[in-house]
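I have placed the structure first, in the form of structure tokens, so that the comments after it can refer back to it.
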Amino acid sequence: MAESASRSNSHDYNYQRIVAYIFNHRATSRSAIARDLGLNKATVSLLCSEMQDRGVVSEIGSGSASSNGGRKPTLIEINRHYGYTLTVELDSQVIRALACYLDGETLQFQQVTATGIADLATTLDELIGQFTAIPGTTRGLVGICFAIHGITNGTQVQESFLDLGDLDLKAYFAKYGVPILLENEANLSAIYSRDFVEELGLENTVTLSIHQGIAAGFILENKLYRGSQGRVGNLGHNIVMPAFSINNSRSQVTYQDVYSEYAVIHQISDLLGKADMSLDEISKLYADHNAEVITVLSQFANGIAGILNNVVGMLDPDVFYLNSPLLHQMPSAIPQVRNYFKRLSGYDIPVKLIPNIQLATLLGGAALTSHTVLGLTGMKLHFWDYTDN
């Protein structure tokens, strides 16, 4: 019995290694797999045939012959048309959805306004329904990931800026017959930075996500660190300034109260006597050197640098990525974040805006779902960011 279990474990382990190798090399041969993974050719051939039978990989023609001549090797790659993933991002203002092939190529994007929704379940059903008949794949929809602006432990949503009411996402959408994944938006941004952003040698990264709340996603030794209940990285609730009034009633000022995008927009709107200013309006005033806007943005930049300084003493990452639409709109504020962070910490760790900020979270969800569908959770995969083309 033990020997049988050992053979099964060996089979599964080698199967995963080969699938990951094929995924990361885009097009390769069985002989290259055997050579680079240290496996015998018979094992590789057997497992690749199994993958072809399942439709996970496909043959794409012949490669070049070796310098010694001989037969040209048959090339294989991940079958991107095996199926497609769907990520749905639940923000308090807008709900966005993106379908991708397994290798990250984007297929279809939709969004709806989140405000004023009477029946969230029906709205999500209608949105997801627009993706369930995408042609050209064997299995169709193979998984749905919900990106939560808030906190989830992977099974239940514990906090959400979008009011979910009593909607149990995992239970309700199980009717689609595919894996239903729940993940914090900041964690998905971090997965995107790991799987799509090609920066060699970086194994420890922090992605700070600044939207209505403030949260961080941690990649440690190339693995997402979630904590025991998924609460790690919820920096927005950290206290900036505890205060006790004379009657002993307790009040607290958190990072989220002061440095979230929502807070900054409201500060500027109040100073200028306007309501519901957009990032475009604020960006124009910033470019025109409006004194109030510059002051608030300077305080914001210093505050973000302070948050990074608090994180660096615990994790010492290779790089910080900032997922912030506000900073994306006003990138000239980034040098102040960098300079003040360096002054506070004494470290010269790179601080960068996350690339492709509009789709970073959604593509992170696509990567997480592909990992799950292919049975490669925890293995290093390199996705191809076709949105850069």
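The values are calculated or read from the model by the stated rules, or taken from the named source; none is laboratory data. Bear in mind the structure is a predicted one, so any value in this text is a computation, not a measurement. Here the Cβ positions follow ideal geometry from the backbone for every residue, glycine too, while neighbour counts run over all protein chains shown. Keep in mind that these areas ignore ligands, DNA and RNA; they rest on the heavy atoms of the full protein, side chains included. Shrake-Rupley method; radii C 1.70, N 1.55, O 1.52, S 1.80 Å.
Taking every DSSP helix (H) stretch of at least 4 residues in the chain, weighting each as -39,500 (n - 2.57) and dividing the sum by the residue count yields a mean residue ellipticity at 222 nm of -12000 deg cm²/dmol.
Qualifying chymotrypsin sites (Phe, Trp or Tyr not before Pro) in segment 275-360, where qualification requires a DSSP coil assignment and no more than 16 other C-beta atoms within 10 Å, comprise Tyr347.
If you take all other residues with their beta carbon under 12 Å from the beta carbon of Leu308, and give Lys and Arg +1 and Asp and Glu -1, the sum is +3.
Surface analysis of the chain yields an accessible area of 47 Å² per residue, using protein heavy atoms and a 1.4 Å probe. Here the Gaussian network model covers the chain, with springs between Cα atoms less than 10 Å apart; of Glu203, Glu281, Glu77, Glu281 fluctuates the most.
Give me the mean projected area, in nm² to one decimal, of the convex hull enclosing the Cα positions of segment 260-386.
Dividing the Cα hull surface by four gives the mean projection, 9.7 nm².
Counted over all Cα-Cα pairs of segment 43-172, pairs farther apart than 18 Å make up 63 percent.
Within the straight-line cut-off of under 26 Å between alpha carbons, the lysines reachable from Lys274 are Lys284, sequence neighbours fewer than 8 places apart in one chain being disregarded. Result for the chain in a Gaussian network model with C-alpha springs under 10 Å: among Thr43, Thr87, Thr207, the largest mean-square fluctuation is at Thr43. Rounded to two decimals, the Cα radius of gyration of segment 180-229 over 2.2 N^0.38 Å is 1.12.
Nearest 5 percent is fine: what portion of the DSSP beta bridges confined to segment 40-159 is antiparallel?
75 percent
Counting only protein heavy atoms and using a 1.4 Å probe, the accessible area of Ser62 comes to about 80 Å². Of all beta bridges that DSSP places with both ends in the chain, some 65 percent have antiparallel geometry. Any idea what the relative contact order of segment 110-211 is, in percent, if you count C-alpha pairs under 8 Å spaced at least 6 apart? Dividing the mean separation by the residue count of segment 110-211 yields 24 percent.
The charge dipole of the chain, taken about its Cα centre with unit charges on the Cβ atoms of Lys, Arg (+1), Asp and Glu (-1) only, comes to about 1220 debye. A 1.4 Å probe, protein heavy atoms only, puts the accessible area of Met314 near 140 Å². Database remark: amide H of Thr254 closer than 5 angstrom to the amide H of Val240 (H placed geometrically; neighbours at sequence offset of 5 or more, or on other chains; Pro and chain starts carry no H). In order along segment 360-369, phi translates into HN-Hα couplings of 4, 5, 5, 6, x, x, 4, 5, 4, 5 Hz, rounded to whole numbers, per the Karplus curve 6.51 cos²θ - 1.76 cosθ + 1.60 with θ = phi - 60° and x for Gly and Pro.
Distance from the alpha carbon centroid of segment 286-317 to that of segment 351-365 works out to 19 angstrom. Taken over segment 159-311, the alpha-carbon convex hull comes to 203 cubic angstrom per residue.
The heavy atoms of Glu126 offer some 120 square angstrom of accessible surface to a 1.4 angstrom probe. Normalising by the residue count of the chain, find the relative contact order in percent from Cα pairs under 8 Å and 6+ residues apart. Relative contact order of the chain: 16 percent. Taken over the alpha carbons of the chain as equal point scatterers, the Debye sum produces base-10 log I(q)/I(0) values at 0.14 Å⁻¹ of -1.25. Taking only protein heavy atoms and a 1.4 Å probe, the accessible area of the chain is 48% carbon and sulfur.
The lysines within cross-link reach of Lys175, meaning a Cα-to-Cα straight distance under 16 Å and a gap of 8 or more places when in the same chain, come to none at all. Largest GNM mean-square fluctuation across Gly217, Gly136, Gly375, computed for the chain with C-alpha springs under 10 Å, falls on Gly136.
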